[in-house]
Every structure is written in C-alpha cells, then in structure tokens.
Amino acid sequence: MRSIFSKLTWGVIAGYCLIFAASQALAGSVEQNKAFIQKYFAAISGRDKPAATLDLYVTDEELKKHVGFFETSFPQFSLVSEDMVGEGDKVSVRVRFAGVHKGDLMGIQSTGKSVDVPFIIIYRIADGRIAEHWMSLDQTVLLKQLGVMK
C-alpha cells in the first residue's frame with residue numbers, strides 16, 4: 001500500500017511540475033509576444049512604413065492595408081502603447097494614434113491638424129508575425145480633432 005501511495009504521490013507531483021513548466025513556457029511566449037508588439041511599434045512609429053518593414057512584422061494583409069491607409073493621410077504617424085495585456089497567442093493594446101493630417105482621408109482634404117486618437121487593438125501572433133488583428137477606433141474623436149465635426 002505504501003508503495004502505491006508513494007508512486008501515486010510522485011505521479012501527482014510530476015503532473016504538477018509538467019503543468020507548471022507548461023504555464024511558464026506559455027507565460028514566456030506571452031511576454032515574447034508583448035515584446036514583439038513593442039518592437040513593431042518602435043519600427044513603424046514616427047517613420048515611413050515601407051512594405052519591406054511591414055513584411056518583417058505582419059502577414060495580415062488587412063492590417064497592412066490599414067497601415068497604408070493611415071500612412072497616406074497621416075505620414076509617419078506614431079503609435080504609443082498605454083496598456084498591453086497578453087494571453088496565449090494574442091496581445092491586446094490600448095494605444096494612442098498620433099499624427100498630422102497631411103493627405104486625403106476619405107475625401108477630407110489635408111487640414112494640417114495634429115490628432116491624438118485613442119483606440120484598442122488585438123493582435124494574434126503566429127510564426128513570429130502578426131497574423132490577425134481586431135481594432136476599434138472612435139472615428140468621431142478623429143473627425144472632431146480634424147475640425148470636420150462638432
């Protein structure tokens with residue numbers, strides 16, 4: 001009986017060790033994903049955003065289109081992370097988008113005005129790059145800052 005109890009106890013301990021090791025590995029990858037997003041922000045914020053640079057970080061074609069769209073209207077815009085939370089392969093970021101309106105934005109001619117717009121974005125990381133994203137930006141805030149809406 002003692003031998004069965006001893007084997008059972010060691011089995012439970014080994015199981016907990018495996019679970020702990022797996023959770024540590026997952027936590028490590030979450031931290032790596034968060035660091036990756038910070039590196040991505042640093043690579044594109046306040047700079048031109050050529051396709052070659054985006055390709056290093058992004059496989060999500062829709063995200064590349066969003067970046068290109070805003071880069072045309074707000075050249076060299078910046079992204080400033082205010083909060084970042086990760087879980088599994090996803091990183092959620094509360095961000096501030098900052099730039100100067102120098103190009104057409106959906107028919108709105110350049111105003112030359114600076115904007116600072118908060119938004120939320122969730123990235124899914126796969127194979128070391130951004131594979132998907134979900135974004136929520138209050139366009140009313142943006143339009144008010146451009147002076148085209150009260």
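Would you mind working out the accessible area per residue for the range 32-148, using a 1.4 Å probe, and quoting it in Å²? Walk me through the numbers before you get to the answer.
Working: 6110 Å² over 117 residues.
Spelled out: the 1.4 Å probe surface of the range 32-148, per residue, equals 52 Å².
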- Task: Using a 1.4 angstrom probe on heavy atoms only, work out the carbon and sulfur share of the accessible area of the range 107-150 in %.
- Result: 49 percent
- Item | Largest-first ordering by accessible area, 1.4 Å probe, given options 127, 60 | 127, 60
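From the protein chains alone at 1.4 Å, what is the descending order of accessible area for 138, 89, largest first?
138, 89
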- Query: Among 49/150; 65/102; 64/90; 39/64; 34/90, which pairs are too far apart, with a Cα-Cα distance over 20 Å?
  - Reply: 49/150
- Query: Is any residue of the range 117-150 close enough, with backbone N under 15 Å, to a label point placed 7 angstrom from the Cα of residue 39 along the Cα-Cβ axis, and if so, which?
  - Reply: 125-131
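The values are calculated or read from the model by the stated rules, or taken from the named source; none is laboratory data. All figures in this text were calculated on a predicted structure; none of them were measured in a lab. When we count neighbours, we look across all protein chains shown, and the Cβ atoms used for this are built from the backbone with ideal geometry, even at glycine. With ligands, DNA and RNA removed, areas are computed over all heavy atoms of the protein, side chains included. Shrake-Rupley method; radii C 1.70, N 1.55, O 1.52, S 1.80 Å.
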